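See structure below.
The values are calculated or read from the model by the stated rules, or taken from the named source; none is laboratory data. All of these numbers come straight from a predicted model, not from anything done at the bench. Here Cβ is always computed from backbone atoms with ideal geometry, including for glycine, and neighbour counts include all displayed protein chains.
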Amino acid sequence: MADNQSSRGKSMSRKRKTIIHISVSSALIIAGAILMVALTATKSDLQKIVPSTPAPMVRVMKVKTGPEPMIIRGEGTVHPIREIDLVSQVGGKIVHISPSLVNGGKFDRSDPLLSINPVDYELAITLARAKVSDSESNLKIIQEEALVARYEWRVHYSNNSHAGQVIPPLVAKEPQLAAARARLDADRADLKKALLNLERTVLKAPFNGRVSRKSVDIGQYVTLGQPLASIFSTEAAQIAIPLEDKDLFWFDVPGFTPGDKPGSPATVHASIAGYKLTFPGRVTRVEGKLDEKTRMITVIVRIDKPYATKPPLAIGLFVTVDIVGRTLSNAAVIPRATLRHGNTVWTVNNEGVLRFRTVKVARNQGEKIVIESGLNDGELVVFSTLKAATDGMTVRTAMDKDQK
């Protein structure tokens, strides 16, 4: 019985705990609901805020206008003004060669470059002089004989019917005199030729220059007309530059473009031996024919004294040439990236409004564009790109760091 009472006591204790838990939970729920209703009744209405879209940012540069010379750029290879083969005019054995007669050797005008054995030609001069002396002696003898013959004619026929007549040519020995004079002239010509041949045994440079090729050496026998070396002049060089027909509108070419002005000046840019050098030049002419395949016109630029500097403007060097053409009085130079389709540029006014502007392009000069008209000094030109640009849209500007 005591066990039954203990069991009933435990069961009632559990029920009381359950009731208490339910009561507390219900109270908390009711309190939370009341609090929620109170908060909802007292909260203010939320307002939606739409953020504003910022104007797109563009990079700009300031336009500068003023006199601008047209620069026509071309490329070509340096060639000598004069290049010849040194050829022997006599035959014989080479007995001397100048140290300058090597590939790349430098020489001055009238320097002896090589010598051929002169002994045979000295003997020929001796024989020629002997013949001249013999012919002179023979002419004098015939002249004396002619004088005697004339005297005898006058004495013999002075008192007869032949008096006053002209002495016959055979009596006066005129044919013999003519033959003697002709022989003397021939022998004197042989002497001159012998002297000339002796002079030709020493080959001299006809101009200041350098050697590009040597074909003989000392001890070698050479014949008449045999090429001995190739040499070129260093007094001047020339560069052949192929250009489009429209390029020649901007500069002067003597004998080709209108007027009688001298050829336009040019600057030659070369890179050799690790140095970047510039040389002054001038347009002198164009070649006689246009290239039938490319339709290009080849302009010749002359450079004086290309070997006056160290390193020199060496023959065979590939160079860039800038020809200075006519000057536009009020032009603007802008980067190529600022030119849009249809010769249009984007400008920005003081209010930050983007405007499309059509301009007149004078010439493309590498990464630069020369604008002849359509832009004013101080205007802002857009340097960057936009995905969707419209005329009249508002933009923000930032000066391009490379254009400040």
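Of note:
- Meets criteria (free of Cβ contacts under 8 Å to residues at least 40 places away in the same chain, charged (D, E, K, R) and either assigned to a helix (DSSP H, G or I) or not assigned by TED's automatic domain parsing to the domain that holds A180 (or both)) for D134: no
- Flag if P280 is under 16 Å from the mean Cα position of the chain (by Cα) and in the same structural domain as D247 (by TED's automatic domain parsing): yes
- Residues of the stretch 219-248 classified as among the aliphatic types (A, V, I, L, M), under 22 Å from T320 (Cα atoms) and touching a Phe, Trp or Tyr at 6+ places or on another chain (Cβ under 8 Å), total: 1
- Among the residues making up the stretch 279-317, a single one is loosely packed, with under 14 Cβ neighbours inside 10 Å, β-branched (V, I, T) and either free of Cβ contacts under 8 Å to residues at least 40 places away in the same chain or out of contact with any strand residue (DSSP E or B) (no Cβ under 8 Å at 6 or more places or on another chain) (or both): T309.
- Taken together, the residues in the stretch 27-79 that are at pLDDT below 90, farther than 30 Å from G374 by Cα and small (G, A, S) amount to 8.
- In this entry, L243 passes the filter for residues that are under 27 Å from E372 (Cβ atoms), among the aliphatic types (A, V, I, L, M), in contact (Cβ under 8 Å) with a residue 12 or more places away in the chain and in the same structural domain as V319 (by TED's automatic domain parsing).
- Residues located in the stretch 186-203, provided they are in contact with a Pro (Cβ under 9 Å, 6 or more places away or on another chain) and surrounded by fewer than 16 Cβ atoms within 10 Å (Cβ to Cβ): V202
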